[in-house]
Structure formats: structure tokens, C-alpha cells
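Each reported figure results from applying straightforward, stated rules to the coordinates on display, with no laboratory input. If you're wondering where the values come from, they're calculated on a predicted model, not measured in any experiment. Cβ placement follows ideal geometry from the backbone for every residue including glycine, while neighbour counts extend to all protein chains displayed.
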Amino acid sequence: MNDTFTWKLIKELTDKNVLGAEGLVVDPTNTRKTARAIVIDKDGLYAVMYAENFGLHSLPGGGMEEGESPETALRREILEETGCSCDIIEPLGIITENRFHANYTAVSYYFVVKCTGENNDPQLTQAELDNGTILKWCSFDEMLHLIKDCEHTTNQRKFLQARDIAALEEYQACVLST
């Protein structure tokens, strides 16, 4: 990836546009950073994670460790969650979350990546295994349906869903349409 890339803001999620409630975190001194991706395997299938205990489908990715770049975090997370090594095709953009109800802010760096080599077994954390997390490979339309068409009841899941939908819509508009 080119070090001079300027990250495009895909969407800013707030309590207002996700929950219909007012309020913004004014002092986001403790912002969580994550790296996430739309992951495509050699057969053209897309990775989607499913946490059975929460009824939540989401895109692969996770938190950046101290001093880790988005690209390094992404490669680590994709290997852990999908069992695949990947080449970064392109940065898609960032999605910010300002969750006033939880006094929480986050920045998610989204990429589009292609798996290289064979698909190996994911190396999920114990917490992910305890949540019944599994990896699914499916068509783009099926992935979009799984992520988009669920009616979530918790604020946390509503934000996670809104974040991934925004990334998938950006991907559709900028990558699939070309």
C-alpha cells in the first residue's frame, strides 16, 4: 500500500443516525482503532463471521494493538479469523463511531483483500469460540443479506451492523460498480 494514501471517511456513525437518540462524545480521548476487511477467496467467495450467541454476522477484523499499523493489524486479524494470508487490494476508507450512550469512540480502517494460498483453519480466540463464532464463505449477495437483514435489539449490535453495512455499500458503489 502507498504510504501517501489519504483515508476517505465512509461514514460517521452516531447515536442519532444509528439509534435515533441525541448526544455526542465530546472528549474522545480513548478511541479504539480497528482494522476490518471485505475478504475474497480464490473462488470469489466472501468471508463473513457469525457469532451464534449474538445472532450477529459481521466482516472479519479486530482491534489494533499498540504501535500496530492498520495494515499489520489487518493481516494478523485476517489470518486469525479466516486462516488466510492476504494481499491488500485496496484501502476502502474509515468509519468512525461516536457512541454517546456508551461514552465510546472508535475508528475502523476498512480494506478490500484477496486471500493468497490455501484457506487454513481459523485461529479464533477462546472468547470467540465461547460465543459460537464460525467463519462462513458465501456470495456477495448472500453476505450482504446475512449482515443487513437482521433486526438487532442491542445498541452494540446495531452499531456493529451499521458499520459493516456502510462499508459494504461503499464497496458496492466504488468497487463492484466499476
Checklist entry - Where the centre of each part is set by its Cα atoms, how far does the stretch 57-113 sit from the stretch 154-169, in angstrom? => result 14
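Using the Cα centre as the reference, give the magnitude of the dipole from point charges on the C-beta atoms of the chain (Lys, Arg: +1; Asp, Glu: -1; all else neutral), rounded to the nearest 20 debye.
Details: 16 positive and 29 negative charges, 82 e Å.
It works out to roughly 400 debye.
Report relative contact order for the stretch 11-176 in percent, whole number only (criteria: Cα-Cα under 8 Å, sequence separation at least 6). Could you put the intermediate results ahead of the total?
Working: 325 pairs, mean separation 50.9, N = 166.
That works out to 31 percent.
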Next on the checklist: Using the Cα centre of the stretch 40-139 as origin and beta-carbon charges of +1 (Lys, Arg) and -1 (Asp, Glu), tell me which of G61, F100, L45 is placed farthest towards the positive end of the dipole.
Outcome noted: F100
Checklist entry - By the scheme Lys and Arg +1, Asp and Glu -1, what is the net charge of all other residues having a beta-carbon under 13 Å from that of C84? => result -4
Next on the checklist: I need the Debye-formula profile for the stretch 37-178: one equal scatterer per C-alpha, no solvent, reported as log10 I(q)/I(0) at q = 0.10 1/Å, two decimals.
Outcome noted: -0.31
Item to check | Cys with no candidate disulfide partner in the chain (beta-carbon separation under 4.7 Å rule) | outcome: C86, C138, C150, C174
Next on the checklist: Of all beta bridges DSSP finds with both residues in the chain, what is the antiparallel percent, to the nearest 5?
Outcome noted: 65
